[in-house]
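Novice: Pasting a structure below so you can have a look.
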Amino acid sequence: INLNTNVRDDYINNDIVGSFAKSVNKIASIDIYPSNGSANGGNGLSEFWVDDVSYLHTPYVLPTVNAAVVGVGALNPATRAPGPVNGLVGQSRTFAATVRNLGVNAITSFNIGYTYNGIPGNSTVTGVNIASLGSQVVTFTTPATLVSGTNNLVATVSNVNGAGADGDPADDASTRQVTITAVAAADRVVITEEGTGTWCQWCPRGAVYMDYMHDAYDGYHAGIAVHNADPMVLATYDDVFSTFLPGYPSVLVERGTDMDPLDIETEFLAKVVVPATAALTNGATWNPQSRMLSVSLTYDFAGAADDTWRVACVLTEDSVTGTTGYNQSNAYGNNAQGPMGGFELLGTNVPAAQMNYNHVARALSPNFVGATGFPAVVTVGSTHTFNFEFYLPVGWDESQIAIVGMLIDNFGEIDNGSKTTIDEAIANGYVTGTPVVGISKPDAPDALVSLYPNPTQGAAWLSLNLDADATVEVTLTDLQGRKLSTRNYGILSGAQQLQINTDDLAQGLYFVQVKMGDVVNTQRLIVE
């Protein structure tokens, strides 16, 4: 470890296996090996071998002018600092480097360049004022195309303050190994489902990494934000999906093991190189007057399947905004938890006017587990098409809607996916096939009902989206079934926000019953 630049090289048996920069200038390490463990046939008594840990540090004298490159790579979406370079063969990546002033005088200008796969990129930085021991991240203006295999990415600083060489040439360059693999096929699309909610203070982390995946892997990744207990909830999706999650935010990549959003990219890169059983093609027709969207999903099989495999289609919407209930709780506010993609610059309760929600699950057909319809034996080379019908409420922006198709295997995991805009699906052409019964509306039968925030420490809100006029009555009961309050709101229609006052309620579980004409919907409410 170079304690001046905080650059660390890791070796196993004298072979280097990695190199990276640390932000904290500390060393703390010890290995303890039990020498008489019962698992190894011993008697389990307390006898240990302890490795020696030692270091040699020569005090560093700052030169008058000295710039050091202490890190190079791709910008981390959360920290906005150079980190590991991930991607797929043929993708374009913009690199960045961190330059630190390890001299006495301020740095006002310098040249910095990089080489990757023998191709250079250069930048000239002027008009800066980096104080002694300060640092600055520089993003290179020339992107690079990722190539297969392992290559070195090297960044070098020069011409510091226009003086040519600086006081310590030994720290002028930084190297990172970049290993890139190829996607299994151009039509391989990995689907990530994210559990989130406006009430969830850690969920900005999910938003940051879902947006990053969209930007970094467009065409190979489809993100679906499944909201819970807020105005964007899709109950038919959330009621099942939430049972797979240990907490929020959590994600399922192709419905595998739940994980933190921080790990989406690692799991994606492991999945996208695995060949899929079938490729999916989205087709569509759209009637803006009736607002009916007809979708065809065509499955071209490269592997064998059977009648236990299933199909499903999801609509997501980007740039979703609102008012009541759309404020985002933010644990990263006021930089309380370090950087998180810009959320650290906001408050702990981000106003709705500053929020745009992306990848929001709007409709799911037919349900979470999908529909059957394949023959008993699905042969290699066969093609099967399924048709779906969706009604898009006036409040949805069809230009921001994405069509996400799924192929679900006999284990309930997603084998492959697809993602297009409505216009792209229309351009592909609609194909008539096996209909998936029913028209998917926002929620059945006549209204979308959600209760938020939940849990609550103050007032709660009922969000209704009524497709037709209905007499609405709301009743609040406790666990023993005692009626605490009832209110008849008369005839309502369209989108409604109704307040539930919880100021006089003790902590515990309550039930909110909503009557909308002949339809009854009951929601659980937790008061903290």
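The values are calculated or read from the model by the stated rules, or taken from the named source; none is laboratory data. Everything numeric in this text was worked out from a predicted model, so none of it was measured. Positions of Cβ are generated from backbone atoms using ideal geometry, with glycine treated the same way; all protein chains shown enter the neighbour counts. Each accessible area value is taken on the protein alone, full model and side chains, heavy atoms only, with ligands, DNA and RNA left out. Shrake-Rupley method; radii C 1.70, N 1.55, O 1.52, S 1.80 Å.
Novice: With N set to the number of residues, divide the alpha-carbon radius of gyration of segment 65-221 by 2.2 N^0.38 Å and report two decimals.
Specialist: Working: Rg = 18.1 Å, N = 157, 2.2 N^0.38 = 15.0 Å.
Compactness ratio reported: 1.21.
Novice: Work out, in µm²/s and without decimals, the Stokes-Einstein translational diffusion coefficient of segment 467-528 at 10 °C, 1.306 mPa s, Rh from Kirkwood over C-alpha pairs. Kindly include the intermediate steps, with their values, before the conclusion.
Specialist: Numbers: Rh = 12.4 Å.
Translational diffusion coefficient: 128 µm²/s.
Novice: If you don't mind, there's one more thing I want to ask. Hey, can you rank 254-263, 239-248 by average C-beta count inside 10 Å, highest first? Please report the intermediate quantities before stating the final value.
Specialist: Numbers: 254-263: 16.4, 239-248: 14.1.
Descending mean neighbour count gives 254-263, 239-248.
Novice: Could you give P(r) for segment 350-470, binned at 10 Å from zero, as whole percent values over all Cα-Cα pairs?
Specialist: Per 10 Å bin, starting at 0, the Cα pair percentages come out as 9, 32, 32, 19, 6, 1.
Novice: Which value, in nm² and rounded to one decimal, describes the direction-averaged projected area of the C-alpha convex hull of segment 68-110?
Specialist: On the way: hull surface 16.0 nm².
Its average projected convex-hull area is 4.0 nm².
Novice: Taking N as the number of residues in segment 223-305, what is its alpha-carbon radius of gyration divided by 2.2 N^0.38 Å? Intermediate results must be reported in sequence, preceding the final value.
Specialist: On the way: Rg = 16.6 Å, N = 83, 2.2 N^0.38 = 11.8 Å.
Normalised Rg, Cα atoms only: 1.40.
Novice: Can you list residues from other chains, or at least 5 along the same chain, whose modelled amide H is less than 5 Å from the amide H of Ala278?
Specialist: Distant-sequence amide H within range of Ala278: Ala302.
Novice: Out of the DSSP beta bridges found with both residues in segment 375-525, what percent are antiparallel (nearest 5)? Kindly include the intermediate steps, with their values, before the conclusion.
Specialist: Values: 41 of 45 bridges.
Here the share of antiparallel DSSP bridges comes out near 90 percent.
Novice: Could you list log10 I(q)/I(0) for segment 134-174 at q = 0.27 Å⁻¹, which the Debye formula gives when each Cα is one point scatterer?
Specialist: Here log10 of I(q) over I(0) equals -1.13.
Novice: Identify unpaired cysteines across the chain, taking unpaired to mean no other cysteine Cβ lies under 4.7 Å from the residue's Cβ.
Specialist: Cys313
Novice: Then there is this: Starting from a Cα-only point model with no solvent, please compute log10 I(q)/I(0) by Debye for segment 372-436 at q = 0.11, 0.16, 0.21, 0.24 1/Å.
Specialist: Result of the Debye calculation: -0.35, -0.71, -1.11, -1.31.
Novice: Here's a follow-up. Can you give the direction-averaged projected area of the convex hull of the alpha-carbon atoms in segment 156-231, in nm²? Show your work: numbers first, answer last.
Specialist: Details: hull surface 38.9 nm².
Mean orientational projected area (segment 156-231, Cα hull): 9.7 nm².
Novice: Sticking with the crude label model, points 7 Å out along Cα→Cβ, report the distance from Thr285 to Val380 in nm, one decimal please.
Specialist: Going by the 7 Å Cα→Cβ label model, 3.6 nm.
Novice: Express in % the proportion of alpha carbon pairs of segment 251-351 at distances exceeding 23 Å.
Specialist: Working: 2911 of 5050 pairs.
When every Cα pair of segment 251-351 is considered, 58 percent fall beyond 23 Å.
Novice: If you don't mind, another one. If you count only protein heavy atoms with a 1.4 Å probe, what accessible area per residue comes out for the chain, rounded to a whole Å²? Don't skip to the answer; put the middle values down first.
Specialist: Values: 25030 Å² over 528 residues.
Each residue of the chain exposes 47 Å² on average to a 1.4 Å probe.
Novice: Can you tally the net charge around Val125? Count Lys and Arg as +1, Asp and Glu as -1, for every other residue whose Cβ sits under 15 Å from the Cβ of Val125. Before the final figure, lay out the partial values.
Specialist: Working: positive: Arg100; negative: Asp166, Asp172.
Taking every Cβ under 15 Å from that of Val125, the sum is -1.
Novice: Residue by residue through segment 255-261, what is 3J(HN,Hα) from phi via Karplus (6.51 cos²θ - 1.76 cosθ + 1.60, θ = phi - 60°)? Round to whole Hz and write x for glycine and proline.
Specialist: Couplings: 6, x, 5, 5, 8, 6, x Hz.
Novice: Which value at 222 nm does the chain reach when only helices count, each DSSP H run of 4 or more adding -39,500 (n - 2.57), with the total divided by all residues and rounded to the nearest 500 deg cm²/dmol?
Specialist: Working: 4 runs with 35 residues, N = 528.
Theoretical 222 nm ellipticity from helices: -2000 deg cm²/dmol.
Novice: In nanometres, what is the gap between the two model label sites at Ile16 and Tyr489, each 7 Å from Cα along Cα-to-Cβ?
Specialist: Between Ile16 and Tyr489, the simple spin-label model gives 6.5 nm.
Novice: In nm, what is the difference between 0.36 nm times the number of residues separating Gln354 and Val274 and their Cα-Cα distance?
Specialist: Details: separation 80, 0.36 × 80 = 28.80 nm, distance 3.91 nm.
Length difference between fully extended and current span is 24.9 nm.
Novice: Any idea what angle helix 204-216 forms with the longest principal axis of the chain, computed on alpha-carbon atoms, 0 to 90 degrees, nearest 10?
Specialist: It is inclined by approximately 80 degrees.
Novice: For a Förster distance of 45 Å, can you work out the FRET efficiency between the beta-carbons of Thr434 and Leu509, rounded to the nearest 0.05? Show your work: numbers first, answer last.
Specialist: Numbers: r = 43 Å, r/R0 = 0.96.
After rounding to 0.05, the efficiency reads 0.55.
Novice: Using Cα pairs closer than 8 Å and at least 6 residues apart in sequence, work out the relative contact order for the chain, in percent. Please list the in-between numbers first.
Specialist: On the way: 1320 pairs, mean separation 57.8, N = 528.
For the chain, the relative contact order is 11 percent.
Novice: Same structure, new question: Quick one: how many lysine pairs in the chain have C-alpha atoms under 28 angstrom apart, if they're 8 or more apart or on different chains? Please list the in-between numbers first.
Specialist: Numbers: Lys271/Lys419; Lys419/Lys441; Lys441/Lys515; Lys483/Lys515.
Step by step, the pairs that qualify in the chain add up to 4.
Novice: Taking the chain as the region of interest, what is the percent of Cα-Cα pairs per 20 angstrom bin, listed from the shortest bin to the one with the maximum distance?
Specialist: Answer for the chain: a P(r) of 18, 42, 30, 9, 0 percent.
Novice: Zone of Gln496 (label point 7 Å along Cα→Cβ, backbone N under 17 Å): which residues in segment 460-480?
Specialist: So the set is 460-476.
Novice: Then there's this: So for the pair Asp423, Ala459, with labels modelled 7 Å out along Cα→Cβ, what separation do we get in nm?
Specialist: The two pseudo-label positions are separated by 4.1 nm.
Novice: Here's a follow-up. Roughly speaking, what % of Cα-Cα pairs in segment 98-183 are separated by over 22 Å, rounded to a whole number?
Specialist: On the way: 1117 of 3655 pairs.
The proportion of pairs with Cα distances above 22 Å equals 31 percent.
Novice: OK, next. For the chain, which whole-number percentage of the solvent-accessible area (1.4 Å probe, protein heavy atoms only) is attributable to carbon and sulfur atoms? Please report the intermediate quantities before stating the final value.
Specialist: Values: 12380 of 25030 Å².
Summing carbon and sulfur atoms, their accessible area is 49 percent of the total for the chain.
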